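The block underneath contains the structure these notes are about, expressed in structure tokens.
The values are calculated or read from the model by the stated rules, or taken from the named source; none is laboratory data. This one's a predicted model, so the numbers in the text were calculated from it and none came from an experiment. Backbone-built Cβ (ideal geometry, glycine too); neighbour counts: all protein chains shown.
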Amino acid sequence: MKYLNITCLFAILLFSGSCKKILQLNPEQAIDGATAIENDGDVESLTIGAYSIMGEGALYGTNLFMLPDLLAKDGYCSWRGTFSSFRQIANKSMTADNADVIRTWTRAYSAINNANIIISNLDKIKDADLKKTLDGEAHFIRGILLFELVRLYALPWDPAGSNSQSGVVIRTTPTLTEDEAFKKTPRASVADVYTQVINDLKDAVAKMPESNGTRATKFTALAFLSRVYLQQSNFSAARDAANQVISSGLYKMNAAVGAVFSNKNTAESIWEIQQNDQNNAGTANDGMATFYSSFDGIGRADVRMDEDFVDSYEEGDLRASEWYYIGTGKRPRKFVL
């Protein structure tokens, strides 16, 4: 500290205060949320960040697939692992501090907050086409995550009811400060959440392009919209949304049943989370292969398929022979292809 003080004093004498300016530089790891977004590139980077969050184990990397499996496991699969959080979910005995219940909720709202920040900063984008696309992607991200959350954390949609039961929190404005983060927001009704989801996905359909590289497109939003309508038992609307995807001519079934799992971004896939060595929950401790597989040294076989379920496929059904293999019990092959 003596060296720093003496150096600073010397600099003050020579340069009339320039040392003070150097020492007052803002730390790059603590950028002010209110001023961090300045141009097209910043908004697109935030969009990519939202996709990255969705690819984590807390969301589409694992939990948004595995938690529903564990909750609906009777006659389908069983949990054989040692993680207490997943065991509680499988036994339907979750406590308030369940780690996976908490992290799925918080990471989903982190991605939703990214989407809200994007929407609130669209005026910073100069390229009109990019602005429209990112606007659509932000509404898509918010819509699908609210849909996943309301299915996991609320009573199901009742086609014959008012659906006034508590759903989840709807946030459509960005959280940029600590005070905003701690603001208490009540849970909206299931009906209101579904209204927000449908509006967001319709907005995404109207603004997203038909082709968007490996990111979500207009047809991805339509596919999710079809699922939302199906959840509501609105079968005609589900059919119409799905038919727009089918009639686009962009997608088709692969010749082999397992090809969609053994290859990336095939014509059978409407949208895939893109993962790489730096962002990949696959065979790590937080990936689907880790929990479901015991094949060629990959996985711990924490989730085991019930043999009666696998045997329920009709004779000659290729899903029975190509989706499963005999490992530690019946294992789903699709997570290790």
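For residue 175, which of the numbered conditions (1) polar (S, T, N, Q); (2) surrounded by fewer than 16 Cβ atoms within 10 Å (Cβ to Cβ); (3) in contact (Cβ under 8 Å) with a residue 60 or more places away in the chain fails to hold?
The one condition residue 175 does not meet is (2).
Filter the stretch 261-298 down to the residues that are at pLDDT 70 or above, farther than 18 Å from residue 70 by Cβ and touching a helix residue (DSSP H, G or I) at 6+ places or on another chain (Cβ under 8 Å) and list them by number.
Correct list: 261, 266, 268, 269, 270, 271, 273, 274, 298.
I need every pair where a residue in the stretch 153-167 that is touching a residue at least 60 places away in the same chain (Cβ under 8 Å) has its Cβ under 7 Å from the Cβ of a residue that is assigned to a loop (DSSP other than H, G, I, E, B) and exposed (fewer than 15 other Cβ atoms within 10 Å of the Cβ), sequence separation at least 6 or different chains.
Taking only residues 6 or more apart or on different chains, the pairs are 159/233.
Which residue, of 235, 224, is modelled with pLDDT of 90 or more, closer than 29 Å to residue 320 by Cα and surrounded by fewer than 17 Cβ atoms within 10 Å (Cβ to Cβ)?
Result of the check over 235, 224: 235.
Take the stretch 38-70 and flag every residue that is under 30 Å from residue 91 (Cα atoms) and over 12 Å from the mean Cα position of the chain (by Cα).
66, 67, 68, 69, 70
If you check every pair at least six apart or on different chains, which have Cβ atoms under 9 Å apart with a residue in the stretch 48-61 that is under 16 Å from residue 220 (Cα atoms) and assigned to a loop (DSSP other than H, G, I, E, B) first and a residue that is at pLDDT 90 or above and hydrophobic (A, V, I, L, M, F, W, C) second?
60/54
Somewhere in the stretch 238-248, is a residue within 24 Å of residue 160 (Cβ to Cβ), in contact with a Gly (Cβ under 6 Å, 6 or more places away or on another chain) and part of a helix (DSSP H, G or I)? If you could, list the steps in order and put the result at the bottom.
At the first step, the residues of the stretch 238-248 found to be within 24 Å of residue 160 (Cβ to Cβ) are 238-242.
Okay, now just the ones that are also in contact with a Gly (Cβ under 6 Å, 6 or more places away or on another chain), so none.
Checked against the condition, which is being within 24 Å of residue 160 (Cβ to Cβ), in contact with a Gly (Cβ under 6 Å, 6 or more places away or on another chain) and part of a helix (DSSP H, G or I), the stretch 238-248 yields no hits at all.
Can you run down the residue pairs with Cβ atoms below 7 Å, 6 or more apart or on separate chains, where the first is in the stretch 298-311 and within 15 Å of residue 81 (Cβ to Cβ) and the partner is of a type in the set (Asp, Glu) and outside any loop (DSSP other than H, G, I, E, B)?
303/69
Would you check if there is a residue in the stretch 302-310 being in a strand (DSSP E or B), on the phi > 0 side of the Ramachandran plot and either at pLDDT 80 or above or not acidic (Asp, Glu) (or both)?
No: zero hits.
Considering only the stretch 161-216, how many residues are of a type in the set (A, V, I, L, M, F, W, C) and farther than 21 Å from residue 151 by Cα? Quick ask: steps written out before the conclusion?
Taking the stretch 161-216 as the starting set, the residues that turn out to be of a type in the set (A, V, I, L, M, F, W, C) are 168-170, 176, 181-182, 188, 190-191, 193, 197-198, 201, 204-206, 208, 216.
Pick out the ones that are also farther than 21 Å from residue 151 by Cα and you get 176, 181-182, 205-206, 208, 216.
Final tally of qualifying residues: 7.
Residue by residue, here is whether (1) surrounded by fewer than 17 Cβ atoms within 10 Å (Cβ to Cβ); (2) modelled with pLDDT under 95; (3) within 19 Å of the chain's Cα centre (by Cα); (4) not in a loop (DSSP other than H, G, I, E, B) holds:
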| site | (1), (2), (3), (4) |
| --- | --- |
| 96 | yes, yes, no, no |
| 130 | yes, no, no, yes |
| 138 | no, no, yes, yes |
| 155 | yes, no, no, no |
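Consider only pairs whose beta carbons are under 8 Å apart and that are at least six residues apart or on different chains; among these, list those whose first residue lies in the stretch 194-220 and is under 23 Å from residue 167 (Cβ atoms) and whose second residue is acidic (Asp, Glu).
Taking only residues 6 or more apart or on different chains, the pairs are 203/135; 204/137.
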